[in-house]
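Below is one structure, written out as structure tokens; the observations come after it.
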Amino acid sequence: MSPKRTTQDVDCLELAHLRDARNGKYAVVPKDAKTRDICFMGAQDETLEMNAVTVVKGADMVNITFVTFFSNNSKMAEQWSNELIRIAYSRANRTPSKFQLLEKMYVKLTILVNREGRIPVKTLKKMLANSRDDKKRIDDVLQASNIHPQEGCIDPKKFTFNNFFTFYLRLVHERDVDRVFQELGAKNKPYLTKEQIVKFLNDGQRDPRLNEILYPYHTEQDAVKLIKKHLSSEGLAHYLMSHENSVIPPESYILWQDMDHPLCQYFINSSHNTYLSTISMDVFLLLLKAIHWTFYFCFVKILYFKWQFYGHQFTGKSSVEIYRQVLLAGCRCVELDCWDGQEDEPMITHGYTMCTDISFKEVVEAINETAFKTSDYPVILSFENHCTPKVQAKMAHYCRTIFGDKLLVDPLDDYPLEKGQPLPTPTDLRGKILIKNRKQKTDPHKKRSALRKISRTVDSTSSLPQPFHGEDDHRAAKSPSVDLEKEGGTLGLNGDRKLPEPVEEEESDSDDDETDKGEVKKEQGTAGQEAEAGAEMSALVNYLQPVHFHSFDNADKANKSYEITSFVETSAMNKVKEKPTEFVRYNKRQLSRIYPRGTRVDSSNYMPQIFWNVGCQLVALNFQSLDLPMQLNLGIFELNGGCGFILKPDFMRRKERDFDPFAESTMDGVVISGQFLSDKRIGSYVEIDLYGLPHDTVRKKHRTKVIIMPKLAMLRISVYESNNNRMIGHRILPVETCVQHEDLSKVHLEYLGKASLEDSNIQLFNGISFAGYRHVCLRNESNQVLMLPSLFVHIKVGDYVPSGLAGFADALSNPIAHISEIDKRARMLEELAADTYIIESPDPEPGNDTPQDITQEDGPVTEEATPASAAPAQAPDHVTSSASASATATPVTNRSTPSYVKKTTSEGSFGGSTPKVSKIPLNPKISSISAISVDSSYH
């Protein structure tokens, strides 16, 4: 590239939108011979494909663009391809902070310079302004920031990143940040002290649910690392936008979950009808030509543009590329609808529709190339097989030869296919491809049919079971020689035929009988019309053996973890409504797959949260449709390193615990409230949705919400334009991400390729997770990071405690303070008891008045009054204090001015029975005091 360049000669490729980088056989190169000769610059023994690097970019998985670069060295091209993939799917690139996005923006400005190497102001305006008023504001802010463009250009040396950051803050005018700065104590000075910052970090930015021992509070040393002695308003904005203040902890985006549990204990990212991409224009025009209603031409044309971004189930265009994009996005289960093609070649298409078809072999090659580029955990191929045995044999051959050692053919030694044995773990299956296809298996009905056929071929003296006598089978009469091995029988050592062992027949549950069969077939589509499994394909099936679902009781009795059932969404919904607890228990043992009903011809999706709530693992969605359910799916599966596996909560994994998703008893409650979010239609507006259990799901409400099950809840914040309701961006935030790490020093460092946390460049900050003031960077529908749109929010998180248990919860959360409070109360009681008098009276002396005399002279005493036995007129010589269970203070007053104190006694433990009150004379030196009755067991 020439040093003297114009801005038109330079284009920037945003790595956040990079989807793939290819080299070699799968690189996209020109087909024209002349163009190929121009691009070729390598050695004679190298091909153009070997020296090419094809970069795939796009805002979604369907509308993608290919850009190919050429090198003069094949090794360099391969290295560039691998490094681009590594950088594009790195944690820092996929989950940048607001500050990192500003740094990217500044670098882009320094690249898009003119011939003199200066930044044109029009480039800045094009990047930041949308209207004439915005452009004028940019000019004003540049002048206010002491940046004076000359001839419409800015000198990069005078426009450093610090200058750009100051310019940006003045441009967006962060009033909310200034208000926070003032509230923290900077009302009379332009900076904050270390003490104020430590208080802000611990009180405002720390999750109050964290244990102070496992997650210590911030210290002044931590504050110094973040702020360097003092913090200005601009410095506060810098911290609030930094990676250390991310709304979701950075650890959540790396592989941190335990991957050594059985396969059924994970949510697995799954796709339905993966081959569909967009509506086929050729088929669409054919339909339009066939329709003679020209009156509806405009309407149908509009309808096409409405559908062109979705893989329509009736007129969709099948694509090999979509398999690559889905796998690169973290999907671990793809679907292949296989049919007989020309010349006995298998093809993939949507049967009985006008969808185009693609080559099965090309799809297998695409899967082999991209299956483990972004995640090395197992990939499941879900076959919907409609092929003849001959074509199935060719399919099995392609799988064996193309996948090679990646294909898992034989079960692992530690996980045999036996009753009661668990499924292998994702770690055990790393780098493996599993096949889900019908497996040759003789059910009890077919075995009975085999016995009937055998009964026509054996000798008349053979003894067969009585029920088969007298039943005619014309096929057995036509073919006296029966393949016993195929039908379930075997030959003995002496040539005698042996019948298969009788198998106990399973009874069908009434759940399936209650549903109309015609309606079920309509909802299932072609999934319920699969062909019989061929021997070659059947041999590839091991841990994913599809079976027909009878009932949860039958599945419990069978206890076979390697059996899997696919439920259409309507059938699965009925089971969620009727037997949610049994469904959860079923998914603890084995896998279940949910797929959209056949009437969703527009490729729309159901809400996956419904089936995640009962522990369904393979919740298959149409990846080509970026609707709300798909956005939730992309948001949740970007966690845990984007590996495609999310460990289910412990209450969905423990066998001894039942979980009902419809229960409303609070568990691990969290209270969330948001500020700075309004639905006022001033340019744009914000919507907040909460998805989780049925009790937790809230749509478009901004009030405080008590969440029953935060581990299953997701918060969606979306921003829309007020004039046309077009979505500007959104963000999916799991309510509970990785607040509790058992040992973060073991965050699968082998996955990161690092020996220690210091090498992995992971910075841990005590207790920063979700709560406090945060900048939320928004995403597009495909969950890709947007450069500018963001929200500044204030989130409060706390444990929900019923009002009657608040004291008990405080005692559990801070037992030291609770014990100190009890000791303080005890000391106060002792001090109060020390001021009372108990009279140890001697025998009455002559001349002294008794309490009865005092009572008679000074007035009557009530019936409840209890006089002292012999109290002298003056203060006693022997006085003791007591705090026993019924301690009583009995001082005596002068007979002319009698006073009384209430004496309280209890006939039982503290607070047990009704107290009895009596009046006792008081010492005149004590104005007023009540006797104390304390239960010693209270201490």
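Numerical summary
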| read-out | value |
| --- | --- |
| Solvent-accessible heavy-atom area per residue, rounded to whole Å², over region 109-241 at 1.4 Å | 60 Å² |
| Taking N as its residue count, the alpha carbon Rg of region 15-89 over 2.2 N^0.38 Å | 1.11 |
| Region 345-416, dipole about Cα centre (Lys/Arg Cβ +1, Asp/Glu Cβ -1), debye to the nearest 20 | 260 debye |
| Ranking by accessible area, most exposed first, for 31, 575 with a 1.4 Å probe | 31, 575 |
| Accessible area, probe 1.4 Å, largest first, for residues 323, 191 | 191, 323 |
| Calculated FRET value between residue 139 and residue 182, using beta carbons and R₀ = 25 Å, to 0.05 | 0.30 |
| Translational diffusion coefficient (Stokes-Einstein; Kirkwood radius from C-alpha pairs) of region 318-450 at 25 °C, 0.890 mPa s, in µm²/s | 151 µm²/s |
| Alpha-carbon spread of region 109-241, three principal axes, descending order, Å | 59, 27, 26 |
| Carbon/sulfur fraction of accessible area - region 109-241, other protein chains in place, 1.4 Å, % | 49 percent |
| Simple label model, 7 Å out from Cα along Cβ direction - residue 203 to residue 825, nm | 2.7 nm |
| Nearest-10 value in Å² for the accessible area of residue 85, using the 1.4 Å probe | 20 Å² |
| Computed label-point distance, nm, for sites residue 65 and residue 196 using a 7 Å Cα→Cβ extension | 4.8 nm |
| Accessible-area ranking of 573, 241, largest first, probe 1.4 Å | 573, 241 |
| Label point distance in nm, residue 658-residue 172, each placed 7 Å from Cα along Cα→Cβ | 5.1 nm |
| Integer Hz, Karplus 6.51/-1.76/1.60 couplings in order for region 387-393, x for Gly and Pro | 8, 6, x, 5, 6, 4, 5 |
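The values are calculated or read from the model by the stated rules, or taken from the named source; none is laboratory data. Model, not experiment: these values are computed from the prediction. We place every Cβ from the backbone using ideal geometry, glycine too, and count neighbours over all the protein chains shown. Side chains are part of the model used for accessible areas, which takes the heavy atoms of the whole protein and leaves out ligands, DNA and RNA. Shrake-Rupley method; radii C 1.70, N 1.55, O 1.52, S 1.80 Å.
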